[in-house]
Amino acid sequence: MKLISLKKDENIKVALDIKSFLNPDYVYIPSFSKKIIVKQNAKVVKGDLLFNNSNEKSPISGEVIGLKKMQASGKYTDCVVIKNDYQEQSHNLKSPNISKITIDILLNALENHHDKELFQVFKSLKKAQNIVLKVFDEEPYTKNSIMLFKENLNEILDMVDALQILYHSNKNIIVVKGKESSIINECLNTIGSYPTLKLSLIDDLYFMNTNKYLLDYLHLNEYETLTLSVYDVVKIYKYIYHNEDEYEKTITISGNGIKGNGLVLRVKKYTSLNEILTKYVKANKDSLYIENGLLTGFLINKDDAIVSDNTKVINIMKDSKYKESACFNCGKCLCICPVNINPIKCYKQKEKDKRCINCGLCNYICPVYLDLKKYVRGEK
Ligand code: SF4
Ligand code: SF4
């Protein structure tokens, strides 16, 4: 599979700092048909469970004021609305005093915080000759990882250092895109104080976020390497050292529909996008709002959308740029498809191709903005 260099609009910029918005007036916790176990007007504290057989917790303290249909990860669902009392009251969970991490401590922390995905990663990990930390985002115009890294530098490096001691790994590599070198320069002194951690600058190529391709590029064996993202390491650190769930998300808001630069924000999970936009973003009228990237993301209605567990980036794009028109047979979609599908054929003959890996490159490259991926995947 070929790694692809994406053409990007150099005028779309993202400010190089993180803003925090952790006191929303309301949060909207998606139910996705689960049985709600809190009553109207009930008082909740941060960490209270809201549904039967689910680990969804309130990220704030306040009062349950009812239900509202909102869009979470592109799907409409009833959400429990909690009005913030701005007290941040929570269950007083003790932070454990840990001097040395063991595999049991790690697995217990992941289990207690219901992180099934990371639990499986570590449960099935027999050895880790190498540890790779991914400090980059795949989606264009997204800066979450590098900004999270800068903001939590000591905690992240401590955590990776603790993992390398635990697994006796030989190579411990922090992977950053070469174009982020200005931020990395700010972190060099701190990174230098961890002699077992090495920095690797990579090219900005699409598919690097796929572990297999990244490890091939770094000449490391996939089966001997523990590959983690910055998001993973920040979560693990919080679980182990603060006994705390993930109540906050880091998101980027960027695009050519914004007046000025885009920004990276730390927000409470389940905050409404509208509340965030009203405070932080001036967007052109008639812009389109796309959640989770211009390649594989989806259109959302900004008035009804919330920041969900999966939200990473909101791109606000000028509407005129995304109006579909007729194919003029330039062949770009055919050339870029990494699995050699002919998207034009699928589009014209309404023919599905099962080989599609949903990478979104054909849509991204098409100059007339045809939604080719949907035809290829039989969704149109
Ligand atoms: S989305 Fe599917 S058809 Fe389009 S480029 Fe990717 S693999 Fe090929
Ligand atoms: S990239 Fe778009 S315009 Fe070019 S051939 Fe493919 S569908 Fe047609």
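Restricting the first residue to region 368-379 and requiring it to be without any contact (Cβ under 8 Å) to a residue 60 or more places away in the chain and within 16 Å of Ile290 (Cβ to Cβ), which pairs with a second residue that is more than 8 Å from ligand 2 (Cβ to nearest atom) and among the aromatic types (Phe, Trp, Tyr) meet a Cβ separation below 9 Å and a spacing of at least six or different chains?
Tyr369/Tyr322
Considering only residues that are surrounded by fewer than 13 Cβ atoms within 10 Å (Cβ to Cβ) and under 25 Å from the mean Cα position of the chain (by Cα), look in region 347-380 and name the one that is nearest to Cys330 (Cα to Cα).
Ranking the qualifying residues of region 347-380, first place goes to Asn358.
So, restricting to helices (runs of 4 or more DSSP H) that lie completely within region 179-249, which ones have at least 2 residues that are touching a Ser or Thr at 6+ places or on another chain (Cβ under 8 Å)? Outline the logic, then answer.
On the way: elements: 181-192, 211-217, 230-237.
Ranges flagged: 211-217, 230-237.
Kindly provide the set of residues from region 1-20 that are surrounded by fewer than 16 Cβ atoms within 10 Å (Cβ to Cβ) and farther than 30 Å from Cys335 by Cα, ordered by number.
Once the filter is applied, which keeps residues that are surrounded by fewer than 16 Cβ atoms within 10 Å (Cβ to Cβ) and farther than 30 Å from Cys335 by Cα, region 1-20 yields Ala15, Asp17, Lys19, Ser20.
Which residues, taken from region 185-206, are under 14 Å from Ser145 (Cβ atoms) and out of contact with any Gly (no Cβ under 9 Å at 6 or more places or on another chain)?
Once the filter is applied, which keeps residues that are under 14 Å from Ser145 (Cβ atoms) and out of contact with any Gly (no Cβ under 9 Å at 6 or more places or on another chain), region 185-206 yields only Cys187.
Between residues in region 199-227 that are on the phi > 0 side of the Ramachandran plot and residues that are surrounded by 14 or more Cβ atoms within 10 Å (Cβ to Cβ) and hydrophobic (A, V, I, L, M, F, W, C), which pairs lie under 8 Å by C-beta distance while being six or more apart or on different chains?
Phe207/Leu3; Phe207/Ile4; Phe207/Cys359
Could you please find all residues in region 170-186 being crowded, with 20+ Cβ neighbours inside 10 Å and in contact with a helix residue (DSSP H, G or I) (Cβ under 6 Å, 6 or more places away or on another chain)?
Hits for region 170-186 are Asn172, Val176, Glu180.
In region 326-343, which residues are under 11 Å from Cys362 (Cβ atoms), among the hydrophobic types (A, V, I, L, M, F, W, C) and either touching an Asp or Glu at 6+ places or on another chain (Cβ under 8 Å) or within 6 Å of ligand 2 (Cβ to nearest atom) (or both)?
Cys333, Ile341
Among Lys312, Lys269, Lys279, Lys249, which is of a type outside the set (Gly, Ala, Ser), more than 16 Å from ligand 2 (Cβ to nearest atom), at pLDDT 95 or above and touching a Pro at 6+ places or on another chain (Cβ under 9 Å)?
Numbers: Lys312 fails: touching a Pro at 6+ places or on another chain (Cβ under 9 Å); Lys279 fails: touching a Pro at 6+ places or on another chain (Cβ under 9 Å); Lys249 fails: touching a Pro at 6+ places or on another chain (Cβ under 9 Å).
Only one candidate qualifies: Lys269.
With the checklist (1) within 10 Å of ligand 2 (Cβ to nearest atom); (2) modelled with pLDDT of 90 or more in hand, flag the one item Cys356 doesn't pass.
With (1) within 10 Å of ligand 2 (Cβ to nearest atom); (2) modelled with pLDDT of 90 or more applied to Cys356, the lone miss is (1).
Out of curiosity, is Ile314 touching a Gly at 6+ places or on another chain (Cβ under 7 Å), in contact (Cβ under 8 Å) with a residue 12 or more places away in the chain and under 22 Å from Ile60 (Cβ atoms)?
Details: touching a Gly at 6+ places or on another chain (Cβ under 7 Å): no; in contact (Cβ under 8 Å) with a residue 12 or more places away in the chain: yes; under 22 Å from Ile60 (Cβ atoms): yes.
Against the criterion (touching a Gly at 6+ places or on another chain (Cβ under 7 Å), in contact (Cβ under 8 Å) with a residue 12 or more places away in the chain and under 22 Å from Ile60 (Cβ atoms)), Ile314 does not qualify.
Suppose we keep only residues that are surrounded by fewer than 18 Cβ atoms within 10 Å (Cβ to Cβ) and among the β-branched types (Val, Ile, Thr) within region 39-76. Which one would you say is farthest from the chain's Cα centre (by Cα)?
Among them, the one singled out is Ile65.
The values are calculated or read from the model by the stated rules, or taken from the named source; none is laboratory data. Fair warning: this is a prediction, and the values are worked out from it, not measured in the lab. Here Cβ is always computed from backbone atoms with ideal geometry, including for glycine, and neighbour counts include all displayed protein chains.
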